[in-house]
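**Student:** Encoded as structure tokens, here's the structure I'll be asking about.
Taken together, the values in this text are just the output of simple stated rules run on the coordinates, not laboratory data. Because the structure is predicted, anything quoted here is derived from the model rather than measured. Reconstructed Cβ throughout: ideal geometry from the backbone, glycine too, with neighbour counts over all protein chains shown.
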Amino acid sequence: MAADAEFKVIGRRLPLVDGLKKTTGQGVYTDDIKLPGMLVGKVLRSPVAHARIKRIDTSKAEAMPGVRAVVVGKENRANFGVLPVSKDETALAVNKVIFIGDQVAAVAAEDEEIALDALAAIEVDYELYPAFLKPEESLKPVGDRAHKIHEKTVGETNIHKKVDQDFGDVERAFAEARLVKRNHFEFGGVTHAFTEPHCVIASYDASGRLTVWSATQVPHYVHRALAEVTGLPMHRIRVIKPMVGGAFGGKSDPFPHEMAAALLTMKCGRPVKILFDREEVFISHHGRHPTKTDIAVSCDASGDLTGLDLAALIDGGAWGSFGVVTTYYNGVLNAGPYKLQNFRYSGTRVYTNKPPCGAMRGHGAVNSRYAFEVTLDEIAEEIGMDPCELRFRNFLPPHTTTVNEFRITSNGVADGLREVMRRSDWKSKHGRLPFGRGVGVACGFYISGSALPIHWSKLPQSTVHLKIDMDGGVTVHSGAADIGQGSDTMLAQCVAEVLGIGLERVRVYTADSDMDPVDLGSYSSRVTFMAGNAARRAAEQIREKLIAAASRLTGHPTEGFVLAGERVVYAPNPAVNVGFPDALAEALANSGALIAKGSYQSPPMGGKFKGAAAGLSPTYSFQAYIAEVEVDLDTGFPSVKKVWAAHDCGRALNPIAVEGQMEGSIHMGLGQFMSENFRYHGGNILNPNLLDYKVLSPKEMPEVECVLIESNDPEGPFGAKESGEGPLLPILPAVANAIYDAVGVRLYRLPVTPEDVLLGMQKNRAAGREAGRRGSREVEG
């Protein structure tokens, strides 16, 4: 994609500003930090899924040489959680444990060997309770209230959240429809599989201040939770996010180990580091929820969609985490990219005695999107319409409102589908390739940040501070957390573009609560839209000061000046211009450093019904994908050969970064589709490592042709919107629909195994047909 001539920095293919530090080993991650006198922290974990703690004796551990602190749950009963409506976590188990791996005690010792010996010396007696391991079990009333996983649930059950929404008249739409297609889908749980394990360092100094370094996406929420748990006021707590080696939603909660490290350092007065091993990372989890989804979609004689009925049973694991939001998102994020006048959703999230689920890339939308897009393909086949044509007929237009009152601004989904059809040669391939090869299509729709913050207040959702002093460098301060997605580079680009300077003048400092203003964190694909707008607004204030300085130096009116090429140029007569250093010197005269701040707060939007805020966003991204697959007819093994991926990102501020997000999303989505799955026995994870948990290998990754659709959002920074999560949604159903086109097998359970495909092919042969769009023709031989 050619860069827009209107811009000099925006739209250019630029390396990330922290790229060299990461690739040369100079980047500092939490585990790289060494503090004088730092102790090793370790966590004692529950060996049982659900039990009352009858007795816990730490005396032997505390008496061991080299052990400096031991903490247990009864010492701090404070509840915390990422959502104010669902604070059900404690630093350490207080009266009972609720999953295998639950934190029971924590120790701080001089070295790792002593710390592990201390854990082994702690004595714990448990009274076993019934373990609720299947979501259906948690729907039923619990006989003994003590056996409820949490006190605050729906009635006497283990239901965490129940959502029922109804728009229009679904029953009438179904009664009048030409076709109503119903399906049941089942999705296994998957985890983020980020490279850097969880790590935290906590240090309580002599002045009574607590400093915490943590590999987190949400330093602001960690800051809040630490204050709740420790009892310290927020101004006596400092939270710093070093570089983060991947997160994908798995570091978007405040975590018990962060709280435990704080309690340990406050008890012993020395810094404490807790670094998870890989099994502990899997136990901490917070990944995508296992879900059972029932869907019904109707259409009229013309192929226009008339109704959607969706129900989801969501296995939340042991804690609430983002689960209230998850429960809504499974439904409401189906309001696009298609027009719907009748929509009904029933979502139920339950607690179970398994590791907690939470937010994962494409939070709440991936599983239901799969169900919707596969069902759409079935409708297209049954009414004899090309699957792409069915989608074209039903796309939302730009600048409209959905049935649940989402405000749609820019929308490039039709352009995207048109382009991937052309590039993939869809019309020549769909239903026409040799048996065993096929193409499939799917589309997507996702938020660009949540319009309403988790903590409702008048605090802006993102604030950026700028400073320019006599050295000529521009310092950007933001609380936004760069977790590898390139948000530091985005902030630098937004500032450099406005000020007409190169990136080398800009230095970005982020995610230090003492130094940087509040940003709510890297989740819900919010940072580009919200922090980007804040950075642009701050830079515009500095620009006005530089223009005023150039006007004073030249005697020309301020209205004619622009900043470009490190000069302040008078546009009516470009020969009149002032170099950036000279304009800066004049602006600094008698006043000192130039200071500015910009902020972003979403405009008012949405309906008044219960749950109206869930899924509201200032704008939405749209996707259209086509995948080509080949299925081994002897083994059933599907191989994805190529993906044509169109993503409406508003404007690609940095095409390299956008394409990287798209490719990473496709890799993650294919992993969920083909191989990734949490396997349990009695609540115990059977594959808690990167050998047995099957992440897609480079060899299995297909060729990806990224198509950047620039719909130029009217409210995004320079027209931009999200690229970090939406690109994951369509890849799973696109591949599923391609497999159907190849061998006539529909897939209703993820992950898909070769056995599933082979069994479907065998059933088709037994019935004497090749099912699929090939017209149920007879199988030869």
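**Student:** Where the centre of each part is set by its Cα atoms, how far does the range 694-716 sit from the range 548-564, in angstrom?
**Tutor:** Distance between centres, Cα-based: 43 Å.
**Student:** Which shape class, rounded, prolate or oblate, goes with the range 444-565 when its Cα gyration tensor gives a ≥ b ≥ c as root eigenvalues, a/c under 1.5 marks rounded, and past that a/b bigger than b/c marks prolate?
**Tutor:** It comes out prolate by the Cα gyration axes.
**Student:** Under the rule of at least 5 residues apart or a separate chain, name every residue whose amide H is placed under 5 Å from the amide H of Y680.
**Tutor:** L686
**Student:** Two decimals is fine: what's Rg over Rh for the range 17-94, C-alpha atoms, Kirkwood radius as Rh?
**Tutor:** A ratio of 1.11.
**Student:** What number results when the radius of gyration of the chain, computed over Cα atoms, is divided by 2.2 N^0.38 Å?
**Tutor:** Cα Rg divided by the expected 2.2 N^0.38 Å: 0.99.
**Student:** Give me the three principal axis extents of the range 262-303 from the C-alpha atoms, as integers in angstrom, largest value leading.
**Tutor:** 73, 21, 15
**Student:** Also, I was wondering about something else. For the range 638-690 and the range 124-197, compute the distance between their C-alpha centroids and round to whole Å.
**Tutor:** 25 Å
**Student:** May I ask you to order 436-447, 294-305, 459-470 by the average number of other C-beta atoms within 10 Å around their residues, highest value first?
**Tutor:** So the peptides 436-447, 294-305, 459-470, ranked by packing, come out 436-447, 459-470, 294-305.
**Student:** Amide H of A365 versus every other amide H placed in the peptide plane: which residues, excluding those fewer than 5 positions away on the same chain, fall under 5 Å?
**Tutor:** Amide H to amide H, under 5 Å and 5 or more residues apart or across chains, A365 pairs with nothing.
**Student:** Full extension from K34 to E228: what is 0.36 nm times the residue separation minus their Cα-Cα distance, to one decimal in nm?
**Tutor:** Taking 0.36 nm per residue and subtracting the Cα distance, the gain is 67.1 nm.
**Student:** So what's the gap between the Cα centers of the range 273-299 and the range 30-77, to the nearest angstrom?
**Tutor:** Cα centroid to Cα centroid, the span is 27 Å.
**Student:** Hey, another quick one. With the calculation restricted to Cα positions, what are the radius of gyration and Dmax of the range 147-205 in angstrom?
**Tutor:** Rg then Dmax for the range 147-205, in Å: 22.3, 71.
**Student:** Now for a different question. Considering only DSSP beta bridges whose two residues both sit in the range 373-522, what percent are antiparallel, to the nearest 5?
**Tutor:** Of the beta bridges lying entirely in the range 373-522, close to 60 percent run antiparallel.
**Student:** List the aspartates and glutamates whose alpha-carbon lies under 13 Å from that of K273, not counting same-chain residues fewer than 8 positions away?
**Tutor:** Leaving aside aspartates and glutamates fewer than 8 places away in the same chain, those within reach of K273 are D31, D32, E110, D111, E112, E258.
**Student:** How many times 2.2 N^0.38 Å is the alpha carbon radius of gyration of the range 196-290?
**Tutor:** In units of the 2.2 N^0.38 Å rule of thumb, it is 1.05.
**Student:** Using only the Cα atoms of the range 84-192, build the gyration tensor, take square roots of its eigenvalues as a ≥ b ≥ c, and label the shape rounded, prolate or oblate: rounded if a/c is under 1.5, else prolate if a/b is larger than b/c, else oblate.
**Tutor:** Prolate.
**Student:** Using a cut-off of 18 Å between alpha-carbon atoms, which lysines can reach K21, once sequence neighbours fewer than 8 places away in the same chain are excluded?
**Tutor:** K241
**Student:** Hey, another quick one. Label-point separation (nm) for D300 and N712, each offset 7 Å from Cα along Cα-to-Cβ?
**Tutor:** 3.5 nm
**Student:** Measure off 7 Å from each Cα along the Cα-to-Cβ vector at K610 and H184, then give the distance between these two points in nanometres to one decimal.
**Tutor:** If labels sit at K610 and H184, their model points lie 2.8 nm apart.
**Student:** Over the chain, what is the percentage of antiparallel beta bridges among all DSSP beta bridges, to the nearest 5?
**Tutor:** The antiparallel fraction comes to roughly 75 percent.
**Student:** Highest mean first, how do 393-404, 80-91, 217-228, 156-167 rank when packing is the count of other Cβ atoms within 10 Å averaged over residues?
**Tutor:** In decreasing order of mean packing, 393-404, 80-91, 217-228, 156-167 become 217-228, 80-91, 156-167, 393-404.
**Student:** If amide H atoms are built 1.01 Å from N in the plane of the peptide, which residues on other chains or at least 5 residues away come under 5 Å of the amide H of K694?
**Tutor:** The answer is N677.
**Student:** Filter the chain for me: DSSP H helices, axial length by Cα at least 20 angstrom, mean Kyte-Doolittle hydropathy not below -1.0. List them by residue number.
**Tutor:** What comes out of the filter, once short or polar helices are dropped, is 366-383, 527-554, 655-674.
**Student:** How would you classify the range 562-642 from its alpha-carbon gyration tensor, with a ≥ b ≥ c the square roots of the eigenvalues: rounded for a/c under 1.5, else prolate if a/b is greater than b/c, otherwise oblate?
**Tutor:** oblate
**Student:** Can you give the three extents of the C-alpha atoms in the range 625-781 along their principal axes, from longest to shortest, in whole Å?
**Tutor:** Cα spread of the range 625-781 along its principal axes, largest to smallest: 59, 45, 25 Å.
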